[in-house]
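Worksheet for the structure shown next.
The values are calculated or read from the model by the stated rules, or taken from the named source; none is laboratory data. What you are looking at is a predicted structure, and each value in this text was computed from that prediction instead of being measured. Positions of Cβ are backbone-derived with ideal geometry, glycine not excepted, and every protein chain shown enters the neighbour counts. The accessibility values were calculated without ligands, DNA or RNA, using every heavy atom of the protein model including side chains. Shrake-Rupley method; radii C 1.70, N 1.55, O 1.52, S 1.80 Å.
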Amino acid sequence: QERLDPFNGLLLAVHYDALFDKGMIAFDDSGRLLIRPELSAETMNLFRLEPGMQLQGLLPGHIPYLRLHRQQIAKLP
């Protein structure tokens, strides 16, 4: 069921998707980027990650999946 849910997915650039899948980045309920503390400044610069980056087009159906990813994969609050 979850696999077919259109809200269980984000269209991210390949380098952001890889970081997301590894739990190195996540998004809060408003779509704001969260970065794990272990991610070095060099890596953040290489991937052009900046605090305050925001997902566009986020809908209420995405929020439970973002929350699940934050808690279980990224281990972020």
Selection status of HIS69, at pLDDT 95 or above, out of contact with any strand residue (DSSP E or B) (no Cβ under 8 Å at 6 or more places or on another chain) and open to solvent by less than 30 Å² (accessible area, probe 1.4 Å): no
Residues of region 8-58 satisfying the condition of being hydrophobic (A, V, I, L, M, F, W, C) and open to solvent by 70 Å² or more (accessible area, probe 1.4 Å): LEU11, VAL14, ALA41, LEU46
Selection count, region 27-54, where residues are under 19 Å from ASP5 (Cα atoms) and aliphatic (A, V, I, L, M): 0
Residue among LEU39, LEU68, LEU10 that alone is part of a loop (DSSP other than H, G, I, E, B) and under 12 Å from the mean Cα position of the chain (by Cα): LEU10
Criterion violated by GLY61 - all others in (1) open to solvent by less than 50 Å² (accessible area, probe 1.4 Å); (2) within 20 Å of VAL14 (Cα to Cα); (3) in contact (Cβ under 8 Å) with a residue 24 or more places away in the chain satisfied: (2)
